[in-house]
1. Once you have the Cα-Cα distance between Thr27 and Leu4, take 0.36 nm times their residue separation minus that, and quote the gain in nm to one decimal.
2. Once you have the Cα-Cα distance between Arg61 and Ala19, take 0.36 nm times their residue separation minus that, and quote the gain in nm to one decimal.
3. Sort 40-48, 4-12 by packing, meaning the average of other beta carbons within 10 Å per residue, with the highest value first.
Amino acid sequence: MQSLYYVMAILGCGDDGTACQQVRTETVRYESVAACQAAMAGALQRSTDVSFPVVQAACQRSGVMTADSTPRRRG
């Protein structure tokens, strides 16, 4: 069983959109990357207090991934 989810990182960047650093992580956990991406606009609107010229968001995988160790038959 996998308990994999996505979180949204808020990034502060330089004027040209590079040299970004993570400034916070949203507290909401998303079940898919699509759900995370759909929530980006709202998260960016809530992040107007970040002291960087450019603010971006990125969805990142988080949680625990487990390997399936069940033997498989070849053939």
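1. 6.8 nm
2. Going from the current span to full extension adds 13.0 nm.
3. 4-12, 40-48
All of the numbers you see were taken from the coordinates with simple rules; none came from a lab. Note that the structure is predicted; figures quoted are calculated from it, not measured. All Cβ positions, glycine included, derive from the backbone under ideal geometry; neighbour counts span all protein chains shown.
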